[in-house]
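The structure appears below as structure tokens.
The values are calculated or read from the model by the stated rules, or taken from the named source; none is laboratory data. All values reported here derive from a predicted model rather than from experimental measurement. Cβ placement follows ideal geometry from the backbone for every residue including glycine, while neighbour counts extend to all protein chains displayed. Ligands, DNA and RNA are excluded from the accessible area calculation, which covers all protein heavy atoms including side chains. Shrake-Rupley method; radii C 1.70, N 1.55, O 1.52, S 1.80 Å.
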There are 2 protein chains.
Amino acid sequence: MPEYRTDLVTGRTVIIAEGRAERPQEFSARALPVDVSRCPFCPGHESETPGEVFALRLDRSRADSPGWRIRAVPNKYPAVVTNSGAYGLHEVLIESARHITLTSELSDDELADVFRATIVRMRAMYADPRIEHVLPFKNVGAAAGASLAHLHSQLIGQSIVPPDIRAELDGAARYRAERGTCVWCDLVERERLAAERVVLESPRFLAFCPFASRFAYETWIVPREHACRFEANDEAGLVELARVSRSVVARLESILDDPAYNYVIHSAPRGVRDDGSYHWQLQILPRSTGIAGFELGAGMFINPVSPETAARRLVGGPEA
Amino acid sequence: MPEYRTDLVTGRTVIIAEGRAERPQEFSARALPVDVSRCPFCPGHESETPGEVFALRLDRSRADSPGWRIRAVPNKYPAVVTNSGAYGLHEVLIESARHITLTSELSDDELADVFRATIVRMRAMYADPRIEHVLPFKNVGAAAGASLAHLHSQLIGQSIVPPDIRAELDGAARYRAERGTCVWCDLVERERLAAERVVLESPRFLAFCPFASRFAYETWIVPREHACRFEANDEAGLVELARVSRSVVARLESILDDPAYNYVIHSAPRGVRDDGSYHWQLQILPRSTGIAGFELGAGMFINPVSPETAARRLVGGPEA
């Protein structure tokens, strides 16, 4: 039976309507065959991107030449730039020198390196005092908005706090004013106890399908201990996050036929204190369900797989 | 140069970033070849849908048998139903007995019939006192979330007012409290005078690309005279709306390579009075730009074609 569900933090309402997963589907998005020899993100093609602002190199190779394992470059087609009204920085992080297309093709160590590089670039962006917020995100697959297949993520630093981060800040502030605690800390504890939507638990993180999931198999990875900034993670935290994220993504990739997903890292804007006003999270948003006229006209998502069903399948347990 | 723009009514912020239209694109969504003989929306296959709740028939053919020109049926995979928490009605309007896939393949008269049928179903839904709002919408093409190609639109009636309609009501109420006028009436007058974003003007309607367009070539069709309800249109209004809409959609279809778009009809919820608190509009949302991680993580759209450029191309005028 379809039901409305409201997100505890943002107040966002979704419709969980499981029967809709059975709809016939006449369309299918197919990736064009890619001529790897022309991929602008492959080693040897460094001149096809703007010059690198960071690279992880193990040898003494020069900037903008092969030898890198991870490479950060300004986005050639930026959404925001520093000499315009939409002031900001937009970078691409090429996550591997290999022409791979799925996150699970990275090892745990390589994904930890990606997170380390993300933090380096977040800190570099925040060094510009006009940058108020940095959003790291990833698009995998055409249905998730990727235009190039070679595995990469992006960072957009802006002079404004984006509306969805603002909604989270407002929701967290309201909750804290009412109850004196952090809404995400309470949520993590509640989800652990309920155990209905938990995908994976590690010493530092809880991965679960949120109660008001917008997308089928949507999964959030939230630190169990309060922390407002992703970029303040220590080495042990990053290594564990890489292991947990890779495990969740690998499960998603095996469940979804032609895996397309986004992930976004929500971290506190400049100036927010670590007092319970914010709690960082990594949100994984699989894109097997389209965003259609209803979603865009009503401002509500329809999700055909309940988070309880999604978590059960992601854990690999028996079907209900 | 990228710039931020904010919608006058809802306060929604978008980034207009024209350079991004030049991005290389490795992916392409292709429709699968469709076996028309199996289309559940074609005449002769009436038993594959739930029984009709309305049909336009010119002969004396029986319900749920061929002879119809437009046919309304409950959605077989509803997002909302009347015996659940997400209380509501979800119907499909099959817009033609011909297996056509583009709105422009309808004649002006046929599109007027579609609008007439839409009004019949909206009124029928509002006859249920628990229905607070009805949203008519259309998905054309896979990228717009359509699962079947045969031209159809949908209506979802809900027991709640959807968040985007609520945001418009709130924005309009704020504006009216400050200035005493309807925000859309002022907007129409302002756009007519500026003439930078106008696509088409008819005696009763203005079609223009909104200042804070979320999508490339987004176009709104707004009645020039104040009116809060689409379903209160008279015959002359519907005929003119059909002509204007079809003209705009045909221009979009000729500009977009593989046309995919949504349209949504925003009309006042139950109980709103026609006093300047609301003004109905038809919004056409082309889907050539994907919704990716940034959009879903930040809650902001990046639009690579400014509405000024879009309007110029839709009018067929010279490029800037």
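Key figures
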quantity: From the options A:Arg130, A:Arg174, A:Arg190, residue that is charged (D, E, K, R), at negative phi and part of a loop (DSSP other than H, G, I, E, B); calculated: A:Arg130
quantity: Which listed residue is within 14 Å of chain A (Cβ to nearest Cβ) and either assigned to a loop (DSSP other than H, G, I, E, B) or over 25 Å from B:Ser288 (Cα atoms) (or both), from B:Leu155, B:Leu135, B:Leu93, B:Leu148; calculated: B:Leu148
quantity: Matching residues in the stretch A:93-105 - criterion: being within 16 Å of the chain's Cα centre (by Cα) and open to solvent by less than 40 Å² (accessible area, probe 1.4 Å); calculated: A:Leu93, A:Ile94, A:Glu95, A:Thr103, A:Ser104
quantity: Any hit, the stretch B:73-83, residues being touching a strand residue (DSSP E or B) at 6+ places or on another chain (Cβ under 6 Å) and at positive phi; calculated: no
quantity: Scope the stretch A:130-151; condition open to solvent by 20 Å² or more (accessible area, probe 1.4 Å) and either among the acidic types (Asp, Glu) or in contact with a Leu (Cβ under 8 Å, 6 or more places away or on another chain) (or both); matching residues; calculated: A:Glu132
quantity: Number of the condition not met by A:Gly171 [criteria: (1) within 14 Å of another protein chain (Cβ to nearest Cβ); (2) closer than 30 Å to A:Thr101 by Cβ; (3) open to solvent by less than 10 Å² (accessible area, probe 1.4 Å)]; calculated: (2)
quantity: Unmet criterion (only one of (1) of a type in the set (A, V, I, L, M, F, W, C); (2) open to solvent by 10 Å² or more (accessible area, probe 1.4 Å); (3) within 15 Å of the chain's Cα centre (by Cα)) for B:Ala127; calculated: (3)
quantity: Among the residues listed as B:Arg71, B:Arg98, B:Arg62, the single one being of a type in the set (D, E, K, R) and part of a strand (DSSP E or B); calculated: B:Arg71
quantity: Selection count where residues are open to solvent by less than 40 Å² (accessible area, probe 1.4 Å) and in a strand (DSSP E or B), scope the stretch A:39-57; calculated: 1
quantity: Residue match in the stretch B:29-38 (condition: away from chain A (no Cβ under 12 Å), open to solvent by 30 Å² or more (accessible area, probe 1.4 Å) and over 24 Å from the mean Cα position of the chain (by Cα)); calculated: yes
quantity: Test: A:Val249 is within 12 Å of chain B (Cβ to nearest Cβ) and either open to solvent by less than 10 Å² (accessible area, probe 1.4 Å) or more than 15 Å from the chain's Cα centre (by Cα) (or both); calculated: no
quantity: Subset of the stretch B:273-288 (residues that are surrounded by 22 or more Cβ atoms within 10 Å (Cβ to Cβ) and either in a loop (DSSP other than H, G, I, E, B) or over 17 Å from the mean Cα position of the chain (by Cα) (or both)); calculated: B:Tyr278, B:His279, B:Arg287
quantity: Answer from B:Ala79, B:Ala72, B:Ala177 - the residue that is open to solvent by less than 20 Å² (accessible area, probe 1.4 Å), away from chain A (no Cβ under 14 Å) and within 21 Å of B:Ser267 (Cα to Cα); calculated: B:Ala72
quantity: The stretch B:190-234, residues that are among the hydroxyl-bearing types (Ser, Thr, Tyr) and surrounded by fewer than 17 Cβ atoms within 10 Å (Cβ to Cβ); calculated: B:Ser202
quantity: Hits in the stretch B:268-279 (condition: in contact with a strand residue (DSSP E or B) (Cβ under 8 Å, 6 or more places away or on another chain) and more than 13 Å from B:Val183 (Cβ to Cβ)); calculated: B:Pro269, B:Arg270
quantity: Qualifying residue in the stretch B:231-240 (condition: closer than 21 Å to B:Thr118 by Cα and not in a helix (DSSP H, G or I)); calculated: yes
quantity: All positions within the stretch A:289-316 that are buried (at least 20 other Cβ atoms within 10 Å of the Cβ), polar (S, T, N, Q) and more than 9 Å from every other protein chain (Cβ to nearest Cβ); calculated: A:Asn303, A:Ser306
quantity: Criterion violated by B:Ile156 - all others in (1) modelled with pLDDT of 95 or more; (2) open to solvent by 10 Å² or more (accessible area, probe 1.4 Å) satisfied; calculated: (2)
